[in-house]
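Peer 1: What follows is a single structure, and I will ask about it in a moment.
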Amino acid sequence: MLRKQPGFSLIAIVTLALGIGATAAVFSLIQGVLLTPPPYNDPGRLVLIPSVRADSQPAPSRGWAPAQWLEWQKEAKSFDSIAGYGWTFNFLISEEGSESLEGMAVTGDYFRVAGLEPALGRKFLPSETQAGSPPGNVIILGHEFWQRKFNGDGGVLGKPFRLSRRQTPPTIIGVMPPGVRFFPSPGASKEPNYNVDATVDFLLPASINPQSINRAGWNLAGRLRPGVTPEQAQAELVLLAERESQADPQFAGFVPRVQPLADEMNHDGNRILIPLLGAAGLVLLIACGNVAALLLVRGLQRQQEYAVRSALGIGRTALFRQVCTESLLLALAGGGLGTALALGGVQVIKAIGGHAIPRLDAVTTGWPVLAAGLALGIASALFAGFVPALRASRMDPMQAIKSGGPNSSAGRTERRLLRGVTVAQTALTLTLLVGAGLMIRTMRNVDSVRAGYDTTRVLTMSVTAVQGNGADFHRRALERVSAIPGVEHAAFAWGVPLTGNNWPGSVELEGQPEAAKPSDRISIPLRSVTPGYFAMLGQSIVDGRDFRSSDGRDAPRVVVVNQALVARYFPESGALGKKAWLFGRDQPPAEIVGIATNGRTDDLTEPAGPEVYVSFWQMGAFSKHLAVRTAADPRQIAGLIRNELRAVDPTAAVENVQTLDQIRSQSLAPRSFAMQLLLGFAGIASVLTLVGIYGVLALSVASRRREIAIRSAVGADAAAIRQMILSEGLGLIGVGVVGGLAAALLVSRVLRTFLFGVEAADPVTFAAAGLLFAGAAAAACWTPALRASRVNPIEALRQD
């Protein structure tokens, strides 16, 4: 039966394939990113224990002091074990340029908390992580790094591993199982090399120094006892922390927050993928509605066939089964084609979403896509085929034969069903169009933002002198790079805009109330730059002076602040000459010597906040960026810059070479990714709905051929017939547009976190989307209306 109408079958299959392909592709991302459990034993019992301010005010997580969590290990009844850890990075030294590595320093309980054992070799011994003793000079490699660097050679055990900042190379004692990722380390999240979604390259043993047992800074992870909830564990730890703060005031102001590891790991993924799954689901509903309408109208045309079959003895159940089987075959064929589209769609999404979706490397295109396609195909068959099948099974065969079969007019019930499907499709499509329109306006607003600095013709790269005299390397490197033809400015900087890099500082300022406890200190990001950095970015010093090359370690400490800091903390007295304590009042203060213009350095969608810049020669960073402004395309001289750096030190690590414009694009990746997918889904939905409107009206005209002929015979002219069909189509579109705008008003709130410079209920976007779709839909109604006006009444009635 399907082969007899190949055009109908092909349209139905392709329509379902588009909906199933979009939904299956997004589901594959969700399965790989959100639903795949981390490779730990019983990961549901794994929790993180960050520190938050007791007054709920925002502040960087400062971690915990060993004196606190060592007591928790003894006293807390909610945990099987608690482990301290920290993110770290290092470099594998090579004479051809060193390579950066990410790792974790962990206490001995890490393996018990994570439920892991090395896949090769052994874990750390108690003597290598024991409090009060120096950490053991051993290292465990991550599985992926072991495969990449050593080709999976088991003979690496017992060999030295040459790392920077280690006088004696540690000995390799083990290799971790595949897929081990980082526990989040909030205090290190501003580091240039920090990538919590990467797999761990190495593990080092960490031990507690008795001299710093009261110093906060440790990240904590714990394994809950069976049956204990995170809320119960948090209540217990809060009581212990309050008791400790009463005994020692330096612990006051911060409380623990127990949160499941999976929730923290999936936070960004949930924010991006769940709304997109909803959008893909709308596309699938539109596709199913399209096919359901086609099947329903096709059923009207097959009334006489069904009546003859019933008259010859076929039962209602058998007729129901036949129509359902046809729908199922269409849906399974659409599911198969949709799965193929999903496989390609996943690759496209991975190509455009690399900087927007966490752990994208975990996404596969194997059985999850096939299973999703099959399940969606079956669900589509049930959705699209049930009503036509039910209607066929309930048909009165004698009445159908008397009514004239395929040339009879559609009944009132059928018309209501078709109108309802068309209205629903229009409403769902308009919802997607409004979402896409809001994201387009958001990206346009972001593009027009005045960042406060110039991103054009600036090349950046992370540069690290892994051995030798770092200060000498940086001065010589700047001299050689600045001498390259075409280079206008060059500067080293920790905290290049939009990279997310800075030191989360706890600052005290002259004239402000002295902090009674650590949580009372002002949280201000710190950035370390060399002289000329502001000129390189196109910023200016509006008062005071820039850093000088003489602002070295032996000179009095100086800082430059931005206008936002002055406006907030020195609105009347001015900031020049004021003192700033960067590490507590027991350390020498720095003098504010300059005021720089504001820049949106962390997020283009957020106003510039207070910032403090320190002299790189006084407070440098081990790993930092070299930023170079050039007269032409900076990528053309990237090789020359790399050669000059290697000429100063062949072992220097030069990585992450990219322009500041590329960094800017990456900072907007989540919004850009959401916009691109919503545009794609809205485009598919619009095509499906317009084709559906055309198809339903065209088939409606065909099923009403006898009615139209009678109207023409009794005096209706072609214009009246056209107006009748157009009025029917435009009426449905109008109702659908109104319903779609109402639905979009509710659904657009989901996108609120992505929007910038536009409200979720923006009237301009709603009106533009409604008018655009209404115009396109009106055009889709014209051809069926024209065809209806050309029906020959004599020929139509003769055929009847």
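The values are calculated or read from the model by the stated rules, or taken from the named source; none is laboratory data. What you are looking at is a predicted structure, and each value in this text was computed from that prediction instead of being measured. In this analysis, Cβ positions are derived from the backbone assuming ideal geometry, glycine residues included, and neighbour counts consider all displayed protein chains. Ligands, DNA and RNA are excluded from the accessible area calculation, which covers all protein heavy atoms including side chains. Shrake-Rupley method; radii C 1.70, N 1.55, O 1.52, S 1.80 Å.
Peer 1: Looking only at Cα atoms, what is the convex hull volume of the range 136-178 per residue, in Å³? List each step's numbers first, then the result.
Peer 2: On the way: hull volume 3.0 nm³, N = 43.
Each residue corresponds to 70 Å³ of Cα convex hull volume.
Peer 1: For the range 438-582, what Kirkwood radius comes out of the mean inverse Cα-Cα distance, in Å? List each step's numbers first, then the result.
Peer 2: On the way: mean 1/r = 0.0554 Å⁻¹.
With all distinct Cα pairs of the range 438-582 included, I get 18.1 Å.
Peer 1: Roll a 1.4 Å probe over the protein heavy atoms and report the accessible area of GLU231 in Å², nearest 10.
Peer 2: The value for GLU231 is about 130 Å².
Peer 1: Can you list which of the DSSP-assigned H helices in the chain have a Cα extent of 24 Å or more along the long axis and an average Kyte-Doolittle score of at least 1.6? Working shown, then result.
Peer 2: On the way: long enough: 6-30 (35 Å, 2.02); 230-247 (26 Å, -0.48); 267-301 (51 Å, 1.31); 316-352 (51 Å, 1.06); 367-393 (37 Å, 1.50); 412-447 (52 Å, 0.30); 669-703 (50 Å, 1.55); 718-747 (42 Å, 1.70); 763-789 (38 Å, 1.18).
Helices passing the filter in the chain: 6-30, 718-747.
Peer 1: Let me ask another. May I ask for the equivalent-ellipsoid semi-axes of the range 552-591, computed as the square root of five times each C-alpha gyration tensor eigenvalue and listed largest first in whole Å?
Peer 2: Largest first, the range 552-591 gives 21, 11, 8 Å.
Peer 1: How big is D, in µm² s⁻¹, for the chain by Stokes-Einstein at 20 °C and 1.002 mPa s if Rh is the Kirkwood radius over C-alpha pairs?
Peer 2: Values: Rh = 31.1 Å.
Diffusion coefficient, whole number: 69 µm²/s.
Peer 1: Which order do HIS489, HIS625 take when ranked by solvent-accessible area (1.4 Å probe, heavy atoms of all protein chains), largest first? Intermediate results must be reported in sequence, preceding the final value.
Peer 2: Values: HIS489 70, HIS625 15 Å².
In descending accessible area the options line up as HIS489, HIS625.
Peer 1: Under the Kirkwood approximation applied to all pairs of distinct alpha-carbon atoms, what is the hydrodynamic radius of the range 163-274 in Å?
Peer 2: It works out to 17.6 Å.
Peer 1: Would you rank TYR453, TYR613 by solvent-accessible area, highest first, keeping every protein chain in place and using a 1.4 Å probe?
Peer 2: Numbers: TYR453 25, TYR613 0 Å².
The residues order as TYR453, TYR613, largest area first.
Peer 1: Taking every Cα atom in the range 746-786, find the radius of gyration and the maximum pairwise distance Dmax, and write them in Å.
Peer 2: 14.8, 46
Peer 1: Ranked from the most accessible area to the least, with a 1.4 Å probe and all protein chains present, what is the order of PHE320, PHE183?
Peer 2: Working: PHE320 60, PHE183 5 Å².
So the residues, ranked largest to smallest area, are PHE320, PHE183.
Peer 1: What are the lysines whose alpha-carbon lies under 29 Å from the alpha-carbon of LYS4, with same-chain residues fewer than 8 places away excluded?
Peer 2: By straight Cα distance, LYS4 reaches LYS402.
Peer 1: Determine one quarter of the surface area of the Cα convex hull of the range 657-754, which equals its mean projected area, and express it in nm² to one decimal.
Peer 2: With every direction weighted equally, the projected area is 9.6 nm².
Peer 1: In debye, nearest 20: dipole of the range 532-632 around its Cα centre with unit charges on the Cβ of K, R (+) and D, E (-)?
Peer 2: Numbers: 11 positive and 11 negative charges, 43 e Å.
So the dipole magnitude of the range 532-632 works out to roughly 200 debye.
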